[in-house]
Amino acid sequence: MPGTLSEAPMQTDESADLSAAARAILRANDRGGYTVPTDRLYPFQWNWDSCFVAMGWATFDEVRGWQEVARLLDSQWDDGMVPSVIFHAPSDDYFPGPAVYAVLRTPPTSGTANPPVLTTAIRRMHDTARDNSAAAASVAEMFPRLVRNHRWWQEARDPQGIGLVATLHPWETGMDNSPAWDAALARVPTETQTIIRRRDTFHVDPAMRPHAEDYQRFIHLVDLFRGVGWDAARSYAVSPFRVADIGTNAILLRAEHDLLALAQRHGTAAERAEIAGRIAALQAGIARLWSAEHGVFLSYDLIADATIPAATAAGLLPLFAAAASPDQAAAMAATIRAWCRTAPWPVASADPVGATFEPRRYWRGPVWAVVNWMIAEGLRLQRQDATADFVRASTRQTIAQAGFSEYFDPRTADGLGGARFSWTAAIYLLLADVPPDPAHLV
Ligand code: GLC
């Protein structure tokens with residue numbers, strides 16, 4: 001059974017062995033300065049994976065942690081976007097590869113964005129660094145590029161200034177087949193110009209992956225954006241999929257707080273004012289998405305102009321940005337416990353009593369360690385310590401039982417998807433490594 005609130009800490013020997021195993025996974029998935037999510041299934045550098053992985057590296061090799069984020073920023077586009085995938089070396093193991101995106105860069109990249117965990121990773125590595133001068137030098141170099149990236153989110157993805165950024169492709173949310181995207185994705189045609197040659201279903205049981213029709217719609221969107229040359233404004237205008245993902249917005253708000261903290265030393269007064277302005281706007285935007293009925297925040301469909309009534313783990317991420325009121329934070333802690341009555345291993349990626357719940361299919365139910373880490377950090381930030389400890393202990397116990405899988409069944413804690421996953425290993429290391437004073441953002 002999963003951890004209870006009073007659970008004793010795990011045996012030191014076991015956890016030391018698991019930490020050693022986690023470090024070995026990062027080393028095995030290291031391709032020389034960047035880390036693949038796992039061998040074969042994901043043979044390139046993925047943006048938000050790398051951010052968690054960099055924090056994991058930094059728990060035992062700070063130089064390698066800084067290198068991971070530097071490689072990611074090296075592929076930042078001229079307009080400020082940091083792409084979701086960087087195709088450092090060719091591989092036939094993954095679809096869609098660089099030819100489908102047709103982004104003319106070296107190395108080639110995808111054309112889509114990813115949840116902006118980068119600034120948070122950099123701030124954390126800076127604040128926990130043992131080598132302070134190396135950390136300060138890295139931040140000094142990266143800070144202007146982070147500023148450009150945050151401006152990109154605002155200008156390219158909130159052109160009307162509503163206080164919420166749009167995601168134009170489910171892949172940008174990192175939660176590809178979340179039930180929250182069902183209705184919005186159904187408006188995307190299934191016709192594609194690209195011939196679909198999926199590779200994922202060779203590596204992993206198709207019952208644990210998105211459906212074929214999802215993939216057709218995913219690729220339809222890629223075809224469309226490629227057709228407008230990946231221009232940010234034109235992509236926004238032509239996209240039949242435009243949602244304000246609560247996960248991406250919460251992660252961005254957290255990143256803005258972290259950028260402001262870095263700006264105290266590395267930015268100008270004008271930059272600090274600019275960041276504070278974006279924080280206020282995002283905070284107001286996110287506040288409008290609270291649902292007392294669901295006990296979580298919801299995403300918003302910007303084309304249908306309607307709230308998306310699907311309770312998912314992404315809706316708990318405003319905790320990570322300390323964007324919830326004390327009552328809302330307590331309600332979300334209660335939601336996590338309520339979900340555990342049906343699916344005892346927290347945190348299911350979607351409401352386990354919802355009609356769309358599928359405990360083994362990717363983002364439609366399974367537990368993801370990175371999401372748990374953000375939720376647990378957020379619960380601590382918002383003074384829900386007992387639930388934070390519960391999520392942390394259960395996540396460690398899940399990994400101890402099932403190994404470093406890509407994701408886990410929330411009813412049984414079985415490991416699902418790919419094995420020897422970098423971000424799961426990184427989270428195991430982070431859960432052992434609690435920063436001294438987490439209870440503030442700036
Ligand atoms: C899948 C996940 C995404 C992750 C990627 C690499 O596409 O949905 O969130 O970044 O795999 O692990």
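Ranking request for peptides 79-89, 107-117, 219-229, 311-321: highest mean number of other beta-carbon atoms within 10 Å first, then the rest in descending order.
311-321, 107-117, 79-89, 219-229
For region 230-239, take each phi angle, set θ = phi - 60°, evaluate the Karplus expression 6.51 cos²θ - 1.76 cosθ + 1.60, and give the result in whole Hz per residue in order, putting x for glycine and proline.
Listing the rounded values in order: 6, 5, 4, 5, 5, 4, 4, 5, 8, 6 Hz.
Go through region 46-63 residue by residue and turn each phi into a ³J(HN,Hα) via Karplus (6.51, -1.76, 1.60, θ = phi - 60°); whole Hz please, and just put x for glycine and proline.
Listing the rounded values in order: 9, 4, 6, 4, 4, 5, 5, 5, 4, 5, x, 4, 5, 5, 9, 8, 5, 4 Hz.
Over the chain, with a Gaussian network built from C-alpha contacts below 10 Å, which listed residue (ALA54, ALA135, ALA269) shows the highest mean-square fluctuation?
So, out of ALA54, ALA135, ALA269, the one fluctuating most is ALA269.
For the chain, give the percent of accessible area contributed by carbon and sulfur heavy atoms, probe 1.4 Å, rounded to a whole number.
C and S atoms contribute 51 percent here.
Can you tell me, using C-alpha contacts under 8 Å and at least 6 residues apart, the relative contact order of region 1-124 as a whole percent?
22 percent
Rg/Rh for region 257-331 to two decimals, with Rh computed the Kirkwood way over all alpha-carbon pairs.
1.07
Given ALA322, PRO344, LEU282, which one lies farthest toward the positive end of the charge dipole of region 274-354, if we put +1 on the Cβ of every Lys and Arg and -1 on the Cβ of every Asp and Glu?
Of ALA322, PRO344, LEU282, it is PRO344.
Among GLU271, GLU293, GLU377, what's the order by accessible area (1.4 angstrom probe), most exposed first?
GLU293, GLU271, GLU377
On a C-alpha basis, how far is the centre of region 130-206 from the centre of region 324-347 in Å? Whole number, if you could?
26 Å
Over region 213-301, what is the mean sequence separation of C-alpha contacts under 8 Å (at least six apart), divided by residue count, expressed as relative contact order in percent?
Relative contact order for region 213-301 comes out at 30 percent.
Check which residues have an amide H placed less than 5 Å from LEU416's amide H, if you skip close sequence neighbours.
The list, which skips near neighbours in sequence, is GLU406, TYR407, PHE408, ASP409.
Whole percent per 10 Å bin, from 0 to the bin with the longest distance: what is P(r) over all C-alpha pairs of region 1-149?
11, 36, 32, 16, 5, 0
Averaging over every viewing direction, what projected area does the convex hull of the Cα atoms of region 305-412 cover, in nm²?
Averaged projected hull area, Cα only: 6.7 nm².
Show me, for region 361-368, the HN-Hα J-couplings you get by feeding each phi into the Karplus relation (A = 6.51, B = -1.76, C = 1.60, θ = phi - 60°), rounded to Hz, glycine and proline as x.
My calculation for region 361-368 gives 9, 6, 9, 9, x, x, 8, 10 Hz in order.
With the cut-off at 1.5 for a/c, could you classify region 288-367 from its C-alpha gyration tensor as rounded, prolate or oblate?
Here region 288-367 falls in the oblate category.
Grab the other residues whose beta carbon is less than 15 angstrom from that of THR268, score K and R as +1, D and E as -1, and report the net.
+2
First check a/c for the chain, with a ≥ b ≥ c the square roots of the eigenvalues of its C-alpha gyration tensor; if it is under 1.5, answer rounded, and if not, answer prolate when a/b is larger than b/c or oblate otherwise.
Since a/c stays below 1.5, the shape of the chain is classed as rounded.
Sorted by average packing, counted as other Cβ atoms within 10 angstrom per residue and highest first, what order do 18-24, 301-307 take?
18-24, 301-307
Remind me, relative contact order of the chain in percent, using alpha carbon pairs under 8 angstrom and six or more residues apart?
It comes to 19 percent, rounded to a whole number.
Which one of ALA304, ALA113, ALA232 has its Cα pushed farthest toward the positive end of the charge dipole of the chain, where Lys and Arg give +1 and Asp and Glu give -1 at the Cβ?
ALA232
If you build a Gaussian network model of the chain, linking Cα atoms that sit under 10 Å apart, which residue out of THR119, THR35, THR194 swings the most?
THR194
Please state the shape class of region 213-372: rounded when a/c is under 1.5, otherwise prolate if a/b exceeds b/c and oblate if not, all from the C-alpha gyration tensor.
Oblate shape, in that a/c is at least 1.5 and b/c is the bigger or equal ratio.
Could you check which residue among THR342, THR395, THR387 shows the biggest mean-square fluctuation in a GNM of the chain with a 10 Å Cα cutoff?
Looking only at THR342, THR395, THR387, the largest GNM fluctuation is found for THR342.
Please get the size of the charge dipole for region 64-132, origin at its Cα centre, with Cβ charges of +1 on Lys and Arg and -1 on Asp and Glu, quoted in debye to the nearest 20.
220 debye
The values are calculated or read from the model by the stated rules, or taken from the named source; none is laboratory data. Not measured: the values here are computed from a predicted model. Neighbour counts run over all protein chains shown; Cβ positions are idealised from the backbone, glycine included. The accessibility values were calculated without ligands, DNA or RNA, using every heavy atom of the protein model including side chains. Shrake-Rupley method; radii C 1.70, N 1.55, O 1.52, S 1.80 Å.
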